[in-house]
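These notes are about the structure you will find just below.
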Amino acid sequence: MKLASLNRGRDGELVVVARDLSRYCSAADIAPTLQRALDQWEITAPKLQARFDALQQNQLESTPFSAELCHSPLPRAFHWADGSAYVNHVELVRKARGAEMPQSFWTDPLMYQGGSDMFLAPTANIAMASTDWGIDFEAEIAVVTDDVTMGTNLKQAAEHIQLIMLVNDVSLRNLIPGELGKGFGFYQSKPSSAFSPVAVTPDELSQHWHDGKLHLDLHAIMNGEKIGSPNAGVDMTFNFPQLIAHAAKSRPLGSGTIIGSGTVSNIDRSAGSCCLAEVRMLETIQQGKPSTPFMQYGDHIEIAMYDENGSNIFGSISQQVVPYNNP
């Protein structure tokens, strides 16, 4: 099934969306918000599935669907942790600045906990006070879990994946070195992220979801030009069950926890990149310096994923960078 949150109230209004993203109907009588649904997933999931099936069979009154109606499926979440599962991407970034990569990066996932109190709607502007901060998009995959116990193993972790989304993990590249140099991690360099209009259950992805990975191309289009469309299932060093188990090593994860993959990246560079930092690193390696600038005011980024029939699975993240005017 496919779920979305209309941009109503602070936590949105839960709706069920048709498979082709053409229509939706309310699910507020089952659960007013997606978070409430996840809190009682064993009870609400069958009811939501029945509502979705009825919508597919044209048994319900429905309304035309548009991404512009939506907030993030979870407008705010109790827990948002982003990994860096495509280790070749990490290796490339370090290589460009002449830094060795610790061997442990291939065996122990990188992860940080990001701000989750206020996500951006999928079509909301990215408002920034300065382009000197090095504004970048990062196209990623994310999963949403129900309650995960501390110390969960890989098999158990896989069973806790209830929904899948796309992510634009906005990054301020020029602020990152100073923050990491303090030895205390990201904060100012990681502003609000945006998620796809629609969250889908793994069964909707059929044969493309296996081994804890999503085996489809992730498209990143900036100002109408393709930056990249690498396959999200290729070169993913740590799959989602591994990322969940890593996050739950020393703490439980509450329902509605979002776990991100990090920037999707392939060793074969022919499909392009899912962030400008990677584009710039490749230019540095090849030419000695980067030539592609980070995002400027007016730049537009679109992130989407399509099935084998060309259908947009999650709806598109579609955002423009604009100046922030402090009220």
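The values are calculated or read from the model by the stated rules, or taken from the named source; none is laboratory data. If you're wondering where the values come from, they're calculated on a predicted model, not measured in any experiment. Glycine gets a Cβ as well: all are built from the backbone with ideal geometry, and neighbour counts include every protein chain shown. Remember, those area values only see protein heavy atoms, side chains included, never the ligands or the DNA or RNA. Shrake-Rupley method; radii C 1.70, N 1.55, O 1.52, S 1.80 Å.
Round to a whole angstrom and tell me the spacing of the C-alpha centers of the range 95-152 and the range 1-77. About 26 Å separates the Cα centre of the range 95-152 from the one of the range 1-77.
Here's the list of lysines a cross-link from residue 226 could span, going by alpha-carbon distance under 30 Å and ignoring same-chain residues fewer than 8 apart: 2, 95, 190, 213, 289. Please label the shape of the range 46-89 as rounded, prolate or oblate, based on the square roots a ≥ b ≥ c of the eigenvalues of the alpha-carbon gyration tensor (a/c under 1.5 means rounded; beyond that, a/b larger than b/c means prolate, else oblate). Note, shape of the range 46-89 comes out prolate. The length gained on full extension between residue 187 and residue 206, counted as 0.36 nm times the residue separation minus their Cα-Cα distance, comes to 3.2 nm.
Largest first, the extents of the alpha carbon coordinates of the chain on the three principal axes equal 61, 44, 42 Å.
Given the alpha-carbon gyration tensor of the range 146-267, what are the semi-axes of its equivalent ellipsoid in whole angstrom, ordered largest first, with each equal to the square root of 5 times an eigenvalue?
Each semi-axis is √(5λ); the values are 24, 22, 13 Å.
Share of Cα-Cα pairs in the range 110-169 beyond 18 Å, in percent? For the range 110-169, the fraction of Cα-Cα distances above 18 Å is 53 percent.
Sorting 3-13, 200-210 by average packing, meaning the other beta carbons within 10 Å per residue, from highest down gives 3-13, 200-210. Does the range 258-324 come out rounded, prolate or oblate, given a ≥ b ≥ c as the square roots of the eigenvalues of its C-alpha gyration tensor, rounded meaning a/c under 1.5 and, failing that, prolate meaning a/b above b/c? Oblate, since a/c reaches 1.5 and b/c is not below a/b. On a per residue basis, the convex hull of the C-alpha atoms belonging to the range 206-327 measures out at 188 Å³.
If we sort 125-134, 82-91 on the protection proxy, mean other Cβ atoms within 10 Å, highest first, what's the order?
Result, highest mean first: 82-91, 125-134.
Within the accessible surface of the chain, defined with a 1.4 Å probe on protein heavy atoms only, the carbon and sulfur portion equals 49 percent. Across the protein chains, with a 1.4 Å probe defining accessible surface, the residues 149, 284 rank 149, 284 from largest area downward. Averaging 1/r over every pair of different alpha carbons in the range 1-147 and inverting the result gives a Kirkwood radius of 17.9 Å. Average accessible surface for the chain: 44 Å² per residue, computed with a 1.4 Å probe over protein heavy atoms with every protein chain in place. Using just the C-alpha positions of the range 226-281 as equal point scatterers, what log10 of I(q)/I(0) does the Debye formula give at each q in 0.13, 0.20, 0.25 1/Å? Summing over Cα pairs of the range 226-281 leads to -0.43, -0.77, -0.96.
Adding -39500 (n - 2.57) for every DSSP H run of four residues or longer, then dividing by how many residues the chain holds, sets the calculated 222 nm ellipticity at -5500 deg cm²/dmol.
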